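Novice: First the structure, which I've put down as structure tokens, then a few questions once you've had a look.
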Amino acid sequence: MRLADTVLQECFYQSSSGLSLDPGRDFGLTLHECDARLKAVRHALDRQQQLLWANNDPAIVIWLQGPDCAGKDGVIRNSLRGLNPQGVRVSDFQKPTDLQRRENFLERYRRELPTPGMLTVFNRTPYEGLASDLADGYIDDNQAAGRLQQLLEFEAQLAEQNIHLIKVYLHISKEQQKSRLQQRFVNPEKHWKISAADLTGHQHFDAIQSNWDQTFKQSSTTSHPWHILPANHKPLRNLLFCSLIAQKMEALNLQWPQPKLPFTLEDLD
């Protein structure tokens, strides 16, 4: 786990490099090594999640972003496997409905915030209301600046509520995205994942990445940095994502609650 922790230091967003970093980096780790280390990290994460649930405070929310085919569904499935389902929730945010567009863009995310003791993952993030809506013409530059300020204030409010935020972007290459889209065409069991938006997203891949890079530059702060995880290699992606969550939970230094017990051992006789 310590090696993964060291690697994670290179995954903090840096404006000087950003998404220009190679998404195919493997840090010298083989498939076997990633899988072996992931088992150990999952064990540590399981214990930390039990501590979070037992304490019933604080809460953790992970904002997970990435281009189409980056593996958001896959990394959630692999990383949260085996955890206590009572203390875990995944919220999926698709294209907003007409009703949702008439309300403040943050409202649907506020409704899904975790309660104390919960670990929650947002599959797609409120930042789509900034980067994607600006690119799609739903808002202009002035409105985008206003939304950015709302987002930074929202993040500060989470901290005040003792909700710990982890922001993650799964970074893949355009070539890797093309390969995964081709695999979906070949596999009939994955046809349901294909949409017209996939083609548009692939054709405008570089422009979309540039928009997100600018968004990260404006919103990666000391208190709430973005973590850019290389995601071309699925085993490494899973290891880094799981390690990041475990690392953040360990930093909370939670201990097992020691409440006043309602009866004694002698009472059992």
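The values are calculated or read from the model by the stated rules, or taken from the named source; none is laboratory data. Keep in mind it's a predicted model, so treat the numbers as computed, not measured. Cβ atoms come from the backbone with ideal geometry, glycine included; neighbour counts cover every protein chain shown.
This table checks each residue for (1) out of contact with any Pro (no Cβ under 8 Å at 6 or more places or on another chain); (2) in contact (Cβ under 8 Å) with a residue 60 or more places away in the chain; (3) farther than 25 Å from residue 242 by Cβ.
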{"site": "93", "(1), (2), (3)": "yes, no, no"}
{"site": "103", "(1), (2), (3)": "yes, no, yes"}
{"site": "107", "(1), (2), (3)": "yes, no, yes"}
{"site": "113", "(1), (2), (3)": "yes, no, no"}
{"site": "116", "(1), (2), (3)": "no, yes, no"}
{"site": "119", "(1), (2), (3)": "yes, yes, no"}
{"site": "123", "(1), (2), (3)": "yes, no, no"}
{"site": "134", "(1), (2), (3)": "yes, yes, yes"}
{"site": "141", "(1), (2), (3)": "yes, no, yes"}
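Novice: How many residues are among the small types (Gly, Ala, Ser) and touching a residue at least 40 places away in the same chain (Cβ under 8 Å) if we restrict to the stretch 22-59? Spell out the reasoning first.
Specialist: Going through the stretch 22-59, the residues among the small types (Gly, Ala, Ser) turn out to be 24, 28, 36, 40, 44, 54, 59.
Adding the requirement that they be touching a residue at least 40 places away in the same chain (Cβ under 8 Å) leaves 24, 44, 54, 59.
The number of residues fulfilling the criteria is 4.
Novice: Next up: Being in a loop (DSSP other than H, G, I, E, B) and buried (at least 16 other Cβ atoms within 10 Å of the Cβ) is the requirement here; does residue 224 meet it? Give the steps one after another, and end with the answer.
Specialist: On the way: in a loop (DSSP other than H, G, I, E, B): yes; buried (at least 16 other Cβ atoms within 10 Å of the Cβ): yes.
The answer is yes for residue 224.
Novice: How many residues does the stretch 76-118 hold that are assigned to a loop (DSSP other than H, G, I, E, B), within 30 Å of residue 138 (Cβ to Cβ) and within 16 Å of the chain's Cα centre (by Cα)?
Specialist: Qualifying residue count, the stretch 76-118: 5.
Novice: Restricting the search to the stretch 142-189, which residues are β-branched (Val, Ile, Thr) and either closer than 26 Å to residue 19 by Cβ or surrounded by 17 or more Cβ atoms within 10 Å (Cβ to Cβ) (or both)?
Specialist: Once the filter is applied, which keeps residues that are β-branched (Val, Ile, Thr) and either closer than 26 Å to residue 19 by Cβ or surrounded by 17 or more Cβ atoms within 10 Å (Cβ to Cβ) (or both), the stretch 142-189 yields 163, 166, 168, 172.
Novice: Another question, then. I'm trying to understand the selection: among the residues of the stretch 6-19, which are assigned to a helix (DSSP H, G or I) and free of Cβ contacts under 8 Å to residues at least 24 places away in the same chain?
Specialist: Listed by number, the residues that qualify are 6, 9, 10.
Novice: Only one of (1) under 22 Å from the mean Cα position of the chain (by Cα); (2) in contact (Cβ under 8 Å) with a residue 24 or more places away in the chain fails for residue 193. Which number is that?
Specialist: Only one criterion is unmet by residue 193, namely (2).
Novice: Which of the residues belonging to the stretch 72-101 are of a type in the set (S, T, N, Q) and surrounded by 18 or more Cβ atoms within 10 Å (Cβ to Cβ)?
Specialist: Correct list: 78, 79.
Novice: Sticking with this one: Within the stretch 20-62, work out how many residues are out of contact with any His (no Cβ under 9 Å at 6 or more places or on another chain), under 28 Å from residue 252 (Cα atoms) and of a type outside the set (A, V, I, L, M).
Specialist: Total satisfying the criteria: 16.
Novice: Would you mind stating whether residue 54 is surrounded by fewer than 18 Cβ atoms within 10 Å (Cβ to Cβ), of a type outside the set (S, T, N, Q) and at negative phi?
Specialist: yes
Novice: What is the number of the single condition among (1) loosely packed, with under 14 Cβ neighbours inside 10 Å; (2) at pLDDT 95 or above; (3) farther than 22 Å from residue 218 by Cβ that residue 192 does not meet?
Specialist: (2)
Novice: Moving to a separate point now. Which of the residues belonging to the stretch 20-39 are exposed (fewer than 15 other Cβ atoms within 10 Å of the Cβ) and either of a type in the set (Lys, Arg) or assigned to a helix (DSSP H, G or I) (or both)?
Specialist: 20, 31, 32, 35, 36, 39
Novice: Count, please, the residues in the stretch 57-82 that happen to be of a type outside the set (Val, Ile, Thr), at pLDDT 95 or above and under 19 Å from residue 164 (Cβ atoms).
Specialist: Here the count works out to 5.
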